[in-house]
Amino acid sequence: MALSPHCAVPLRFPARHSLPWRSSSFIGLLFVFIVMSAGCGGSRSKGDRPATVRARGVVTYQGEPVTDAVVVFQPSTQGGFAASALTDQKGEFDLKTFPPDSGAVPGMYAVAILKVSQEDIYSEETQKASVARLRSLIPSQYSNASKSGLNVEIPPKGTEQLVFDLKD
């Protein structure tokens, strides 16, 4: 039995197939929800929101589309509004600042992109999964907007040409 690194509570997880929340898609969606509800504009009424424009693009890694990745745009100015999206099967995304409505506030952004999977760590005594750990499927530098090196401007008329070709 393994212990959580944060407390002395044993962790036990049922088989992988029995927990839908353990898929990378769900983890990505959960992250987007957390980002959007943590002061990134999700609770504002439509009349109290800044204007948004269409902001779409694509994420590739080693020339292949990155599916089910979380794309987060952090505003470069204090008091700005973050936007996020989940990539589809073609690696394409459509940013949302105020979900479920599409669009992002024009301006400069630092970008983070996360694509993770879950791997189970097995207990040698029981040969059962005891701890789940997330593993990045793209270089981990891209998961931190301030270290990713990905900076873009969303122009006042919007864009459908945001391209992030990730490298090792």
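Nothing in this text is a laboratory measurement; each read-out follows from the coordinates by a stated rule. What you see is a predicted model; the values in this text were computed from it and never measured. Here the Cβ positions follow ideal geometry from the backbone for every residue, glycine too, while neighbour counts run over all protein chains shown.
With the largest listed first and rounded to whole Å, the semi-axes of the equivalent ellipsoid of the range 52-168 from the Cα gyration tensor are 31, 15, 13.
Structural descriptor for the range 52-168: relative contact order 33 percent, calculated from alpha carbon pairs under 8 angstrom and at least 6 residues apart. Ranked by how many other Cβ atoms sit within 10 Å of their own Cβ, fewest first, the residues Tyr109, Tyr61 fall in the order Tyr61, Tyr109.
Residue exposure proxy: Val71, Val53, ordered by other Cβ atoms within 10 angstrom of their Cβ from fewest to most, comes out as Val53, Val71.
In summary, the lysines within cross-link reach of Lys147, defined as a Cα separation below 26 angstrom excluding same-chain residues under 8 places away, comprise Lys90, Lys96, Lys115, Lys167.
Each of Glu64, Glu153 has some number of other Cβ atoms within 10 Å of its Cβ, and from fewest to most they run Glu64, Glu153.
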